[in-house]
Amino acid sequence: MSLLIDALSVWHGTREAVRGVTVSAAAGRIVAVIGRNGSGKSSLVRAVAGVHAGRRSGAVVWRGGDLMTSSAVNRARSVAYVAQRPLVAADFTAREVIGLAGAVVPRSTEHVERAIDALAVRELVDRPFAALSGGEQQRVVLARAFAQHDLGGLLILDEPFSAMDLAEQHRVAGALQCLASAGSLVLVVLHDLALADALAHEVWWMEAGRLRASGPRESVLSEATLGSGFGVAFERVGGSLRPIVAPRCEPTTG
Amino acid sequence: MTIARSRTVAWFLIIAVAALAIVLRLMLGARGWAWPTPDIVDLRLGALASATVAGASLGLSGALLQALLRNPLASPFVLGLSSGAGLAVSVGALAASWGAAWVMADGGMVAATIGSALALIVVVAAGRRHGAIDPVTLLLAGVVVASVAGALTILVQYLMPPSSRGDLMAWAMGRIPELPERVPLVVGAALLAASSWWSVVRARWLDAACTADDEAMSLGVDLPALRWRLVVLSGALAGSSVVLCGPIAFVGFVAPHVARLMLGAGHRGLVVASPVLGAALLIAADALRLAVPLPGAGKLPVAVVTAILGGPIFLWVLRRQGGRGA
């Protein structure tokens, strides 16, 4: 089973944010979507998740159906999504937020409890969501997506690590790897290229709305291509076991 | 277990408050307190039925509006829906006085629904900034719409024939009729029942709609369809209450807040408790109105009582929201 994106274009008003992207990914993989700000990463994954309300064209095929034309309920059965800026405009507890996974498509208590354990948020579930730190809120919202997600399904995350500390990132990255090992396809937007290098099997590199490169992370995340695309120099440090892509200080003249 | 027990206690309190309000209203008449005889109970049941349907409609309308706009300050009165409905009914009454009696054949129900729904659409359109609803802009838009609609209602009253002007003015200040017209009462009760049923069935969708738009859609909510239904239902419920009792302030705001304090933010409890508390609040306000003596033989309009009770609570919630940076 694989995700096929065919000639996908997305508009925000009159601006074409994604321009004819064609790419695919197999189940059981983690795909990192990278690129500079405004390159179309979020617009791409929002359109794949079926939550872009504006104009779009092309096709997004998953499990034999076009996600662009599916009903919201049918999409929710096979695709779980976490937005870049999670919002909960009600005084829900963390458990109530996670329980929203079954608000429209029923989910069993077992699903919810498994998600709570997978994201290690059991100690947070009785606290008000609004009182949690940014990283804790992200883990709770991820737990909601895990509870909605069936193994073998498609999980789409837009910058899920942005407010997490290192320990939280480590824990969540491990949970995502477990999902992929069990056959799920995880599409994750990342700004942290070191994390993308450590986590992803494949990388989709967006630039000015187009797909600049896609493929196994070893081929896409090379120092030379990253340097030219991001406008800063990169080098690998730390040996072959835990490679890290880190920006290098460039002395300026004048 | 603790949550279940506290919810049971909360429901018991809600039902007890509603029952107490009903008993108070049945015991209070224009001449003070008394155990009512069956004949007097029959007489007071008309006012009780009007206040029940109008108060419950306002409570449910407020809960649905707060879900629609993700804003706890939203209510039919604050957003100008009640004033819009009041203006539409006043225009209908004027048209009827000029010979177009068919406009008010349903007691003004259609006119009130159109008036309140139009007011909501204008307020939401004016309350958006950069494509998103801004709470402060929305409230200001509601104040403007309510003020303009209120001023136009006064103009319409001025144009009315003197014989029916007094009746319209008394209604515009909020009046719970002891002998309600049958059509608005029955239609209002049917609308309330249908809206309550829909709200209970869709309560979990309303919970999911408290998240960001794209997350709500990813959870399976058909957000555009849900929002249109919320606009129509909250507008129709506000319009129904206006037809029955005139524009009444703050019931649609206070009832969902008290329900939320007692039962939490989940809409399964909220959409049931808000109409019960809205009805209890309006019945209690009507009883209080009768209990407060005024110079001469007059009685306070019920909208004055609800405004005096609801205004401070609104300011408290506004301050609390401001503290959260909303």
Task: Criterion (of a type outside the set (A, V, I, L, M, F, W, C), assigned to a loop (DSSP other than H, G, I, E, B), away from every other protein chain (no Cβ under 14 Å) and touching a residue at least 40 places away in the same chain (Cβ under 8 Å)) met by exactly one of A:ARG36, A:ARG107 - done: A:ARG36
Open item on the list: So in the range A:86-98, with the set limited to residues that are free of Cβ contacts under 8 Å to residues at least 40 places away in the same chain and more than 7 Å from every other protein chain (Cβ to nearest Cβ), which one is surrounded by the most Cβ atoms within 10 Å (Cβ to Cβ)?
Closed with: A:THR93
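For every residue, the table says whether it meets (1) farther than 30 Å from A:ARG46 by Cα; (2) more than 9 Å from chain A (Cβ to nearest Cβ).
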{"site": "B:GLY188", "(1), (2)": "yes, yes"}
{"site": "B:ALA193", "(1), (2)": "yes, yes"}
{"site": "B:SER199", "(1), (2)": "no, yes"}
{"site": "B:MET217", "(1), (2)": "no, no"}
{"site": "B:GLY220", "(1), (2)": "no, no"}
{"site": "B:ARG229", "(1), (2)": "no, yes"}
{"site": "B:VAL232", "(1), (2)": "no, yes"}
{"site": "B:GLY235", "(1), (2)": "yes, yes"}
Open item on the list: Between A:ALA76, A:ALA25, A:ALA7, A:ALA49, which is buried (at least 17 other Cβ atoms within 10 Å of the Cβ), in contact with a Gly (Cβ under 8 Å, 6 or more places away or on another chain) and either of a type in the set (A, V, I, L, M, F, W, C) or away from chain B (no Cβ under 14 Å) (or both)?
Closed with: A:ALA76
Open item on the list: Take residues that are at pLDDT 90 or above and tell me which of the helices (runs of 4 or more DSSP H) falling wholly in the range B:162-225 contain 3 or more.
Closed with: B:182-201, B:203-208, B:213-218
Open item on the list: Please determine whether any residue of the range B:127-137 is modelled with pLDDT under 90, in contact with a Lys or Arg (Cβ under 8 Å, 6 or more places away or on another chain) and of a type in the set (Val, Ile, Thr).
Closed with: yes
Open item on the list: Suppose the filter is out of contact with any strand residue (DSSP E or B) (no Cβ under 9 Å at 6 or more places or on another chain) and under 22 Å from A:SER43 (Cβ atoms); does A:ALA131 pass it?
Closed with: no
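The values are calculated or read from the model by the stated rules, or taken from the named source; none is laboratory data. Values in this document were obtained by computation on a predicted structure and should not be read as measured data. All Cβ positions, even for glycine, are placed from backbone atoms using ideal geometry, and neighbour counts span all protein chains on display.
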